[in-house]
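What follows is one structure encoded as structure tokens, with my remarks underneath.
The values are calculated or read from the model by the stated rules, or taken from the named source; none is laboratory data. Note that the coordinates shown come from a computational prediction; the quantities given were computed from them, not determined experimentally. Virtual Cβ from ideal backbone geometry, glycine too; neighbours counted across all protein chains shown. In case anyone asks, the SASA skips ligands and DNA or RNA and just uses the protein heavy atoms, side chains included. Shrake-Rupley method; radii C 1.70, N 1.55, O 1.52, S 1.80 Å.
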Amino acid sequence: MKVSAQRVALFLGCLLLTATFVWAQFDTAEVLGTVTDPSGSTMAGASVTLTNLDTGIQAKTSTDANGSYDFLNVKVGRYTVTVEHAGFSKASANDVIVSVGARQRVDLAMRVGAVTEVVEVKGAASALDTDSSEHSQLINPTQVVELPLNGRNYSDLALLATGTHKSPMSMTVGPTSTPREGAINVNGMRSTYNNFLLDGVDNNADSTSNQGYSNQVAQPSPDALAEFKIVTNNFSAEYGRAGGAVINAVMRSGTNRFHGTAYEFIRNTSLNAIGFTFSPTAFQKPTLKRNQFGLTIGGPLIKNKLFFFADYEGQRQLQNYLNFDSLPSVSDRAYTLPVAVVNNYTGVVYPANVPIPTGAMTPFARSVISQLPADNTGSGRSNNYETLVLLRDYYDKFDGKLDYQINDRMTSFVRISQRKDLQYYAPTIPGFSGGDGNGYIHAIAQNVSVGYTWTVTSNSLFEARFAINHIVAGKVPAYIGGPSLQQLYGMQGLPTSPDLVGGLNSQAITGYTALGRQTSNPQFQNPLTFDPKLNYSLNHGRHAIKFGYEYQVIRTEVLDVNPLYGEEFYTGGFSKPTCGQLGLASTCTVPSDATSFTYADFLFGTPSSIQLGSDTVVNLRQHIHSLYVQDDYHVTSKLTINAGLRWDFATPLYERDN
């Protein structure tokens, strides 16, 4: 199926012409209400003023024939709503909290009196969102900053919503597993089925295997967030992509007052209990040293006009986790096996409990075995090597945001965000014969977002957003760049490129922990996303119909073919002797010891299979078109109907060079 740009443009134009009533919100909210007189009748023509208590910026409108008013483009924050009408005292609702994506209702009743009198109305702002049927949980600024967070990932607070569960992918730490930030299962769906928005634009890490180890591009610290909302059901049609939840976050903005914070959070091994994961060999606590530090600052560049906000956070963490490996035992390393084995190349049988001559083995096998660390648990072949494996995680991230009140009708913002995360997972088996695990991980995620809002009339609005997301993320083995196996052992047919060689390739010997490098290393995925969004809005009577269009261009450079440095499998299929080779009757029973036979296969150089991947970098392309219409029909003061329709079209993934 092929959709041309001309057809999409034509379809969009037709919808713009036929849509009479339109309303929308990205990272903002709506403040609406009804003004009544002392008898309870609605009041038309009353002047309504909405004032931001932090920036001093005002918006004005008038009530319509039904006594209703509506402010469409309201930023998250604290507000005062004031109503004036000739012959009546001024009515005011103070400290109205407006949340992201909310339809905050503030109904005010006027009293007869002089205009110079002010009547402060308590409880005018509705505590419940009675104009939307969505199932959501708002995480307010106090919760974001004050609730304890182990790791300071704001997305963990989404677990306060019902139907959410932390994915195992976000918790597992091991030589081949790295926790993934933002991995949350909602309503039983996969964690990749959530939709992350930041300041109204796409913030999803478009990486098929998530090499950035986060479901988000920008990861603002809790101190940098104004608030966020997790919507788990009955989404408005303006939200797409999500099978699980929509996590809609808003970055803080500067105000008319300068404000800043500085902090440091410390965890240290000396403050930790030993716990059940201590090292039984050395009776040693696993190391955990974590320092998380940062600062925020915001304020006015031009009062009531131009505001800035910036933040930085860094982490320096050293952690050890307890790990057990199964390596050849002391007798195995003396080449003395408990069963007879046969060299399939020569047909020579070596009896049980008699050392195999070193000349019968390959120099490669002898070298690999000689460079293994010593057994330190004395538990035979199983879990006989214990170590506390180092995990080093250093990251630095920052955000910068400018908000500009162009005039009474136009606002804009620009934001840049970057996260640089460098991790090192030490091999569980040290030395040349080890080198397994993720090794060196790098993730650099960058985002640039701009927004423009134009209040065309008191009940019509045009909004535009544009974002660029870029991630450079992957991993390389611990011993990358070392001498090749061809240089060391004369092995032919393996890569010799400096960006692929180094250390031992994977040697999978059944019954033991695999030796050598991780098969899926090196690996990277570097997605680049362009995301423009457009909305036009018009309220009319009791209808608020939302309309919007979004277009995404996703370009991903991928190296995800393995094993790039080769992998050899040993399963014992060649070293188990037959009855005839043992000089016994054909009806004899050959002793069974699968681990000894696979070990002998390795010593004699008889793998059951060999694999080698192709060093191929692919450049994937995908385009996504999205259109939606949403009608929120306020039938009565007690009944609102939310109805919407959304169309998403994603082209199949294709390769740039075919």
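As a length-normalised measure over Cα pairs under 8 Å and 6 or more apart, the relative contact order of the chain settles at 11 percent.
Look at the dipole of the chain built from charges on Cβ: of Ala365, Leu271, Ser155, the Cα furthest out on the positive end belongs to Leu271.
Amide H to amide H, with H built 1.01 Å from N, Leu504 comes under 5 Å of Arg517, counting only residues 5 or more places away or on other chains. Of the Cα atoms belonging to segment 237-374, the radius of gyration and Dmax stand at 30.6, 91 Å.
Of all the accessible heavy-atom surface of the chain, with the other protein chains kept in place and a 1.4 Å probe, what percent is carbon and sulfur?
It is 57 percent, rounded to a whole number.
Using the Karplus relation 6.51 cos²θ - 1.76 cosθ + 1.60 with θ = phi - 60°, the per-residue 3J(HN,Hα) values for segment 67-74 come to x, 9, 9, 7, 9, 8, 9, 10 Hz, with x marking Gly and Pro. Let a ≥ b ≥ c be the square roots of the eigenvalues of the Cα gyration tensor of segment 40-105; is it rounded (a/c under 1.5), or, if not, prolate (a/b larger than b/c) or oblate? In terms of gyration-tensor shape, prolate. Proximity of backbone amide H atoms, modeled 1.01 Å from N, is registered between Gln622 and Ile554 at under 5 Å, excluding neighbours fewer than 5 places apart on the same chain.
Each Lys or Arg adds one and each Asp or Glu subtracts one; over the other residues with Cβ under 10 Å from the Cβ of Gly572, this totals -1.
Computed over the chain, the P(r) curve from all C-alpha pair distances, binned at 20 Å from the origin, holds 16, 39, 26, 14, 5, 1 percent per bin. Residue separation of Gln487 and Phe466 scaled by 0.36 nm, minus their Cα-Cα distance, works out to 2.4 nm of gained length. Were the residues from Asn233 through Leu584 laid out at 0.36 nm apart, the gain over their Cα-Cα distance would be 119.2 nm.
Any lysines with Cα under 16 Å of the Lys90 Cα? List them, leaving off those in the same chain fewer than 8 positions away. Partners within reach: Lys60, Lys122. Taking 19 Å as the cut-off, the amide N atoms of segment 480-512 that come nearer than this to a point 7 Å along the Cα-to-beta-carbon line of Thr571 belong to 506-512. Taking other residues whose beta carbon is less than 13 angstrom from the beta carbon of Asn562, and scoring Lys, Arg as +1 and Asp, Glu as -1, yields -1.
Ordering Leu225, Leu160 by accessible surface, largest first, gives Leu160, Leu225; the 1.4 Å probe counts only protein heavy atoms, with every chain in place. Note on Thr142 and Ser412: the extension gain reaches 94.6 nm, defined as 0.36 nm multiplied by sequence separation minus the Cα-Cα distance. Helical runs (DSSP H, four residues minimum) scored at -39500 (n - 2.57) apiece and divided by the length of the chain put the mean residue ellipticity at 222 nm at -2000 deg cm²/dmol. Measuring between alpha carbons in the structure, the pairs from Lys229/Lys285; Lys166/Lys285; Lys166/Lys638; Lys229/Lys305; Lys75/Lys638; Lys75/Lys420 lying more than 31 angstrom apart are Lys229/Lys285; Lys166/Lys638. For Asp107, nonlocal amide neighbours, meaning residues 5 or more places apart or on other chains whose placed amide H falls under 5 Å from its own, are Thr34, Ser126. The angle separating the long axis of helix 594-604 from the principal Cα axis of greatest extent in the chain is about 70 degrees.
Stokes-Einstein diffusion coefficient for segment 438-482 at 4 °C in a medium of 1.567 mPa s, Rh from the Kirkwood formula over Cα pairs: what value in µm²/s?
91 µm²/s
Taken along the Cα-to-beta-carbon direction at a fixed 7 Å, the label points for Gln371 and Asn66 span 7.8 nm. Summing Cβ point charges (Lys, Arg +1; Asp, Glu -1) relative to the Cα centre of segment 379-455 gives a dipole of roughly 100 debye.
Residues Ser458, Ser449 ordered from highest to lowest accessible area at a 1.4 Å probe: Ser458, Ser449. The heavy atoms of Ile57 offer some 40 square angstrom of accessible surface to a 1.4 angstrom probe. With all pairs of separate Cα atoms included, segment 360-434 yields a Kirkwood hydrodynamic radius of 18.0 Å. Residues in segment 468-478 carry Karplus couplings, in order, of 10, 10, 9, 10, 10, 8, x, 8, 9, x, 4 Hz; the curve used is 6.51 cos²θ - 1.76 cosθ + 1.60 with θ = phi - 60°, and Gly or Pro positions show x. Ordered from highest to lowest accessible area with the whole protein assembly present and a 1.4 Å probe, Tyr345, Tyr536 read as Tyr345, Tyr536. Sequence-ordered 3J(HN,Hα) estimates for segment 425-432 from the Karplus curve with 6.51, -1.76 and 1.60 and θ = phi - 60° stand at 9, 5, x, 6, 10, x, x, 4 Hz, glycine and proline given as x. In a reduced charge model with +1 at each Lys and Arg Cβ and -1 at each Asp and Glu Cβ, the chain shows a dipole moment near 320 debye about its Cα centre. For segment 554-640, the normalised intensity computed at q = 0.16, 0.20 Å⁻¹ comes to -0.83, -0.99 (log10 of I(q)/I(0), Debye sum over alpha carbons, equal scatterers, no solvent).
Think of segment 579-658 as a dipole: +1 on every Lys or Arg Cβ, -1 on every Asp or Glu Cβ, centred on the Cα centre; then among Pro607, Gln630, Ala650, Gln630 lies furthest on the positive end. Placing unit charges on the Cβ atoms of the charged side chains and taking the dipole of segment 436-582 about its Cα centre, the candidate lying farthest along the positive direction among Phe466, Gly548, Val501 is Gly548. The accessible area of Glu264, taken with all protein chains in place and a 1.4 Å probe, comes to roughly 100 Å². A simple spin-label model places pseudo-atoms 7 Å from Cα toward Cβ; at Ala44 and Tyr633 they are separated by 2.3 nm.
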